[in-house]
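Written out below as structure tokens is the structure these notes cover.
Values quoted throughout were computed directly from the atomic coordinates according to the rules given, and no laboratory measurement underlies them. Computed from a predicted structure; not experimentally measured. Note: ideal-geometry Cβ built from the backbone for every residue, glycine included; neighbour counts use all protein chains shown.
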Amino acid sequence: MTSTTLAKKKGASPPPPAADAQRARRRARRRGRVIALLFVFPALLLLGALVVYPVLFSIGRSLFDASGTRFVGVDNYTEMFSNPATLKAIRNTAIWVVVAPVLLTGLGLILAVLVEKVRWATAFKLLLFMPMAVSFLAAGIIFRLAYDEDPNKGVLNAMTVAVHDLFKDSSSYPAARAREGHGLDKGEDGSYATAGLSPGDTVHLPMVGVPPKDLPGDARPAYEAAGKKAAGDELRGVVYLDFTPGGGGTQGEVDRNESGLPGMKVEAVRDGKTVASTTTASDGSFSFTGLQAGSYQVKLPESNFAPPFQGISWLGPTLVTPMIIGAYLWIWTGFSMVLIGAGLSALPRDALEAARIDGANEWQIFRRITVPLLAPVLTVVFVTLVINVMKVFDLVYIIAPGPVQEDATVLATQMWLVSFGGGNNQGLGSALGVLLLLLVIPAMVFNVRRFRRSQG
């Protein structure tokens, strides 16, 4: 009798080998899932605590009033779209979304193509990528100083003033003014003029308001020039600083130690028209010769007293947003260039060489071959930058001065200002946060789907 027959008689049946293997595989899969869950659990816990819970809490908080005790429904959302400050933040965010990613993608593409033809390409890429290592806080402080309106502090205005002064002279004596009651009347345009004079007259024009230390280096005493008399067809005079160092002297009279004001423009005016003009000598003297008989006025034009050009208000209400976008470009251009450069290095070179052999120039190759082949990379870079600029906060908050903060505000800064920066209305701030989330989600979904397609 065989062993099988004996086993059957005893009622025992050995398990088939296939069933044992299947159960072992199921146990291994369960064990693998448990181990994977144990590894993933800390990340899921952090994701829930730092992302899911704040999102759900913000959505719930946006339905309550500022104190968080009274349910108001969609009132915060209604107020959000009726508040002028919020509408301005939405407008500025739209400007950021349209301008910054387009400029960055274009600059990154151009630089990536050009860097390929540079001998020291790696060093050049490193130089352009270096601002990415600078925090937004530090970059904001750097550009806040660079945009300062004072030319002695702001680099940009220092260069602007230097270029301006190359083509247009600044005024000689911006702080000067005429001594009141001594023959000079101030016009509506800021100029000074005498009463009627005739050829052969000599006139003394006393000025004040100029510190002796600010006098030109070639200034000389005006006393001797003041003693000279005019000829018959000559109108003569002297413009001087009516101030005697150390005190003393007589107001309205040229004393021995009083200095002339050189380089001041003087005009002879007859019947409202300028018939002659000159500038004062180092002792402040001037003269008009060959004048016909008649009544003349001696005029010191307003250009002598105009305040010096102080540059451009880069952080004023009109320019503050473009200037902050400029700082953002400085930081992120290297990022865009490196990503596009990586895509450019993966392009099939045979297509480019075939185009060159067929007689295409570099511009045609760039427009018809390089850009279409780089379209997936350019799209990813553009969408990534769109997501990033929607959340920009640091640069706007740091660079924009307090008086123009509202003119530069974007959704992220408006959310903070409404919630914690003085508004103390976390219900409205949460509504702004939900709006920002809704705006970011489509771009994120698009980016993820495109990434999955590229991986597949």
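With angles folded into 0 to 90 degrees, how steeply does helix 17-47 sit against the dominant principal axis of the chain? Use alpha carbons for both and round to 10.
Helix 17-47 sits at roughly 20 degrees to that axis.
Using a 10 Å cut-off on Cβ atoms, rank the peptides 98-108, 365-375 from the highest mean neighbour count down.
Packing proxy ranking, top to bottom: 98-108, 365-375.
Between the helical axis of 155-167 and the dominant principal axis of the chain, each derived from Cα atoms, what acute angle in degrees is found, rounded to the nearest 10?
Helix 155-167 sits at roughly 40 degrees to that axis.
Could you give the angle, 0 to 90 degrees to the nearest 10, between helix 426-455's Cα long axis and the longest principal axis of the Cα atoms of the chain?
60
Obtain the radius of gyration and the Kirkwood radius of the stretch 23-160 from its C-alpha atoms and give Rg over Rh.
1.17
Can you tally the net charge around ILE312? Count Lys and Arg as +1, Asp and Glu as -1, for every other residue whose Cβ sits under 15 Å from the Cβ of ILE312.
Taking every Cβ under 15 Å from that of ILE312, the sum is -2.
If r is the Cβ-Cβ distance from PHE446 to ALA94 and R0 is 22 Å, what FRET efficiency results, to the nearest 0.05?
0.75
Using only the Cα atoms of the chain, what are the Rg and Dmax in Å?
39.1, 160
Of LYS186/LYS273; LYS153/LYS391; LYS228/LYS299; LYS125/LYS391; LYS88/LYS391, which sit over 23 Å apart, Cα to Cα?
In this structure, LYS153/LYS391; LYS125/LYS391 exceed 23 Å between Cα atoms.
How high is the relative contact order of the chain, in percent, counting Cα pairs under 8 Å that sit 6 or more residues apart?
22
What translational diffusion coefficient, in µm²/s and rounded to a whole number, does the Stokes-Einstein relation yield for the stretch 69-137 at 4 °C and a viscosity of 1.567 mPa s, taking the hydrodynamic radius as the Kirkwood radius over Cα pairs?
The diffusion coefficient I find is 81 µm²/s.
I want to check the label-to-label distance for ARG23 and ARG70. Put each point 7 Å from Cα in the C-beta direction and report it in nm to one decimal.
Taking the simple label geometry, ARG23 and ARG70 are separated by 6.7 nm.
May I ask for the percentage of alpha-carbon pairs in the stretch 177-304 that lie more than 17 Å from each other?
Cα-Cα pairs of the stretch 177-304 separated by over 17 Å account for 54 percent.
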